[in-house]
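These notes are about the structure you will find just below.
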Amino acid sequence: MIIAIDLNSNRPLYLQIVDGIRSALVSGEVQPGDRLPAGRDLAEALDVNLETVQRAYRKLSDDGIVTSRVGRGTRVSETLDVTTLGLTGLIDELLDQSRQLGLPIDRLIEMVRELSSTEL
């Protein structure tokens, strides 16, 4: 699994790791039930702090994408719906960018509705 980290990005490193793992799932490179690299190994491979990887894994766990068990590592959830996962990642990025621009969520929703009605 290849995860690209952009040190010049405004997006936090742990979210870039989350994005990379989500992309690997959507592309089929990683499958439900697969074991993710140990946090220490991934941190070393990406040249980031172990806490950064652990934070990414916690986010993935909170989102229901992975499960972690002591002695068994971190695995992709068996019940993961990969189809909606890609869209969820895109929506997360859109929300982050909207916040950075100071765009209220109500305006963002309005824009999406306007665009979707013109596309139909």
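Conditions first: (1) surrounded by 15 or more Cβ atoms within 10 Å (Cβ to Cβ); (2) farther than 21 Å from GLN97 by Cβ. ARG11 passes all but one, so which condition is the exception?
All conditions pass for ARG11, except number (2).
Looking at LEU46, LEU80, LEU50 in this structure, which one is of a type in the set (A, V, I, L, M) and under 15 Å from the mean Cα position of the chain (by Cα)?
The unique qualifying residue is LEU80.
Can you name every residue in region 21-36 that is part of a helix (DSSP H, G or I), small (Gly, Ala, Ser) and either crowded, with 20+ Cβ neighbours inside 10 Å or over 9 Å from the mean Cα position of the chain (by Cα) (or both)?
Of the residues in region 21-36, the ones part of a helix (DSSP H, G or I) are 21-27.
This time we only want the ones that are small (Gly, Ala, Ser), so: 23-24, 27.
Selection gives ALA24, SER27.
Within region 5-52, take every residue that is within 17 Å of GLY86 (Cβ to Cβ) and hydrophobic (A, V, I, L, M, F, W, C) and give me the one that is modelled with the lowest pLDDT.
Filtering region 5-52 for residues that are within 17 Å of GLY86 (Cβ to Cβ) and hydrophobic (A, V, I, L, M, F, W, C), the one modelled with the lowest pLDDT comes out as VAL26.
With the requirement that a residue be under 18 Å from ILE17 (Cα atoms) and not acidic (Asp, Glu), what does region 81-107 give you?
Result: VAL82, LEU85, GLY86, LEU87, THR88, GLY89, LEU90, ILE91, LEU94, LEU95, GLN97.
The values are calculated or read from the model by the stated rules, or taken from the named source; none is laboratory data. Keep in mind it's a predicted model, so treat the numbers as computed, not measured. So basically every Cβ, Gly included, is an ideal-geometry build from the backbone, and we count neighbours across all protein chains shown.
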